[in-house]
Structure formats: C-alpha cells, structure tokens
Amino acid sequence: DSVRNRHLQWVSKVRVNTQAVLKRAQQIQGHNKNKKQWQAAWLLRAVTCIDLTTLAGDDTPGNVHRLCMKATQPVRNDLLKSMDMQDKGVTTAAVCVYPSRVADAVKSLKAANSSLPVASVATGFPAGQTSLKTRLEEVRMAVEDGAMEIDIVINRTLALTGQWEAMYDEVCQFREACGEAHMKSILAIGELGTYTNVYKASLVAMMAGSDFIKTSTGKESVNATYPVAIVMVRAIRDYFLKTGHKVGFKPAGGIRTAKESLVWLTLMKEELGDEWLSPHLFRLGASSLLADIERQIYHYVTGRYAAYHQMPMA
Ligand SMILES: *[C@@H]1O[C@H](CO)[C@@H](O)[C@H](O)[C@H]1NC(C)=O
Ligand SMILES: *[C@@H]1O[C@H](CO)[C@@H](O)[C@H](O)[C@H]1NC(C)=O
Ligand SMILES: *[C@@H]1O[C@H](CO)[C@@H](O)[C@H](O)[C@H]1NC(C)=O
C-alpha cells in the first residue's frame, strides 16, 4: 500500500554522519555533572525505568520469584524513607524473563498483589535462528502466559543486507502476534555494520509498529554504546516529527553502574526531552545495575558506602 511504499522510500534516502554522531556522544558523557542532591533523585528515576532482567540458562521459579520481589521493592525502605519517598510506590518498570519463565513471574507478582508488567524476550532470542512459524508461536505463547511486553529480535541478515521490505513485513507479523502486548524490537546493533544501517533498522522497526526500539540482546560482542544510541534516538525524534508517533528507547547489555545510568538519562533528556525520561518511553535493560544504584543511594543518605551484601539480592 502507499503508506508502506512512502515509508520504504524514506528509509532508502537516509545517510548518517558518523563524525557528528561520535562528537555528540563525547559531549553527552561530559554533561553528566549533576549536583549531589539531584543525583539521588535521578538515580531513583533510573530505578523506575529498569527492566529488571534475568536471562540465564539455569533460571528457576525460585530465582525468578526473588527477581520479582526485588522489582516490587527495588530500594530498601529505610533509604526511601530518608528521601521522603517511601509512599511513592517506587518499583522497577518491569521484570524481563525467558518465555518459559513468564508464568512463574506472573504468579509471583500476582501473589504479591503487584501490577508490575512481565516482559519476555521471544522470537528465538538471542540469535533469532528458528523458523518464522516457531518465532511467531513463541510470541503468542508468552502473551498467553501473561506477558504484557514482548522483546523481539530482528533477523540481522535482513538489516545487514538492506532487505528493508522483508524486515518490515516480518516485524509486522510479530506486531500482530503481540496483540495487546507492547512490542520492543531488539536491533542487535553490534551486528548491523554501519550507523546508517542502525538508523534504517530503527525506522523500519518503528514503521512496523514497535512501541520501543532496543539496542542489544546483551549476548552480542558489542553492547549498548552511546554513539549507536544517538543514532537510534535521532531516528525516534525524526519519526516523531514526521508522524506524531512517540516510540520509546531501551538500551540494554553491559549497563552496570549508577554513573552510566545517569549518562543514559542525560542523553534522553538532551536528545528527546523530559517526556522520554519516564518508563512509558524509556527503559534500561539490566540485571546488576540496580545493586550499584542502591549502593549509591545508600551513600547519598548515610555518607558511607555499603558492602554489596548489605543490599538484598538484585
Ligand atoms: C493481596 O490482597 C489480598 C486482598 O486484598 C489480601 O488478602 C492479601 O493479604 C494481599 N497479599 C499481599 C502479599 O499483600
Ligand atoms: C534471515 O534472513 C536471511 C536473508 O533473507 C535468510 O536467509 C534467513 O533464513 C533468515 N533467518 C531466519 C531464521 O528466518
Ligand atoms: C555485554 O553485556 C553482557 C550482559 O551484561 C556481558 O555479559 C558482556 O560481557 C558485555 N560485553 C561487552 C563487550 O561489554
């Protein structure tokens, strides 16, 4: 149809200026000089944007349950109290698990009366090397088990070789399989070659109905980097300016320190504005990040550093 053709024409014309992107990424990392009292508030903000994740081969109902409990109470109550935040319902944005663990997570959260959404990776995560039929079936099953968000992986070969129509059509099928669930499209930027490809893949993923675009699975040899993020958020901005449609951004893979989480928030604020600083348009995919953030908040509140064992498992 004509919308599809107009979209694909737009994709074919794109070029990214690598030098400008690298320069901007350098600048952003230097802009993260918040005052101490702001830092604590920003760290709490980062917590509310985390998709608290476990994607291990040996995940069990037990460790998924602990993850869910941590997600509903991510920061110690005494610390929240010191910041006058104990009644604000601070939780992470979601928990993120493999499809086979969705039912466990849903059950744990339900037992805790939590409305926190369960997100699931799907479509043959992380490599996406199963048949299309199997990948679609996996999405439907995760949704059936109660996942409200699905993180799909794209076929990297399609992006790497510029088969944008085919990528568009495939992602549209995932979108349909997701039904009411939100869809986050993982581009696996470490495997896309050029920034221009990253920009084009971002556009195509958005055109095909993604609610979020996400950098990485965390299993590639290159994880979320700031230059790639600049390219992706500018695609989000351009798409918004052209269509009025707001798409979210999720960096993931290798994000471990509180300091990095502040750089990510700064990047979102400066490139996309305040609206992209909340969980409906920004997520941090992470597993160990929360422990470091909690430690920094402890330091802010008490003036001392906590040993990791003083913080419940993250
Ligand atoms: C959940 O809500 C029910 C009904 O309101 C209540 O009986 C139960 O104690 C709550 N459970 C938890 C873990 O808060
Ligand atoms: C991904 O796309 C390539 C190129 O069209 C194709 O050869 C390959 O079979 C696709 N992979 C899957 C798992 O469908
Ligand atoms: C990418 O992230 C994963 C998951 O956090 C980590 O295991 C891996 O070492 C990271 N790789 C690089 C190159 O930073």
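The values are calculated or read from the model by the stated rules, or taken from the named source; none is laboratory data. Because the structure is predicted, anything quoted here is derived from the model rather than measured. Methodologically, a virtual Cβ is constructed for each residue, glycine included, from the backbone with ideal geometry; neighbour enumeration extends over all protein chains shown. Surface areas here come from the heavy atoms of the whole protein model, side chains and all, with no ligands, DNA or RNA. Shrake-Rupley method; radii C 1.70, N 1.55, O 1.52, S 1.80 Å.
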(message) Looking at Glu149, Glu176 in this structure, which one is away from ligand 2 (no atom under 12 Å from the Cβ), of a type in the set (Asp, Glu), more than 18 Å from the chain's Cα centre (by Cα) and on the phi < 0 side of the Ramachandran plot?
(response) Glu176
(request) Answer yes or no as to whether Val139 is within 28 Å of Ser221 (Cβ to Cβ), β-branched (Val, Ile, Thr) and out of contact with any Pro (no Cβ under 9 Å at 6 or more places or on another chain). (result) no
(request) Could you please give the count of residues in region 65-89 that are open to solvent by 80 Å² or more (accessible area, probe 1.4 Å), at pLDDT 95 or above and assigned to a loop (DSSP other than H, G, I, E, B)? (result) 1
(request) Report, ordered by the first and then the second residue, all pairs with beta carbons closer than 7 Å, sequence separation of six or more or different chains, a first member in region 236-261 that is touching a residue at least 24 places away in the same chain (Cβ under 8 Å), and a second member that is among the hydroxyl-bearing types (Ser, Thr, Tyr) and more than 16 Å from ligand 3 (Cβ to nearest atom). (result) His245/Tyr239; Val247/Ser210; Val247/Tyr239
(request) Pull up region 267-299, narrow it to residues that are among the small types (Gly, Ala, Ser) and out of contact with any Phe, Trp or Tyr (no Cβ under 8 Å at 6 or more places or on another chain), then point me to the one that is farthest from Ser216 (Cα to Cα). (result) Gly273
(request) Find the residue count for region 127-138, including only residues that are buried (at least 17 other Cβ atoms within 10 Å of the Cβ) and farther than 18 Å from Ala166 by Cβ. (result) 1
(request) Collect the residues in region 111-131 that are away from ligand 3 (no atom under 16 Å from the Cβ), under 15 Å from the mean Cα position of the chain (by Cα) and either outside any strand (DSSP E or B) or farther than 28 Å from Gln73 by Cα (or both), keeping them in residue-number order. (result) Pro117, Ala122
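Any residue in region 85-98 that is in contact with a Phe, Trp or Tyr (Cβ under 8 Å, 6 or more places away or on another chain) and not aliphatic (A, V, I, L, M)?
yes
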(message) Quick check on this structure: which one of Thr302, Thr257 is modelled with pLDDT under 95, more than 25 Å from Ile154 (Cα to Cα), surrounded by fewer than 18 Cβ atoms within 10 Å (Cβ to Cβ) and more than 16 Å from ligand 2 (Cβ to nearest atom)?
(response) Thr302
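Listed here are the residues, each with its yes/no results for (1) within 16 Å of ligand 2 (Cβ to nearest atom); (2) modelled with pLDDT under 95.
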site: Met141; (1), (2): no, no
site: Thr157; (1), (2): yes, no
site: Asp169; (1), (2): yes, no
site: Asp211; (1), (2): no, no
site: Asn223; (1), (2): no, yes
(message) Of everything in region 1-17, what is surrounded by 15 or more Cβ atoms within 10 Å (Cβ to Cβ), farther than 13 Å from Gly162 by Cα and more than 25 Å from the chain's Cα centre (by Cα)? Give them in sequence order.
(response) Trp10
(request) Please give the number of the condition Thr123 fails out of (1) more than 16 Å from ligand 1 (Cβ to nearest atom); (2) surrounded by fewer than 22 Cβ atoms within 10 Å (Cβ to Cβ). (result) (2)
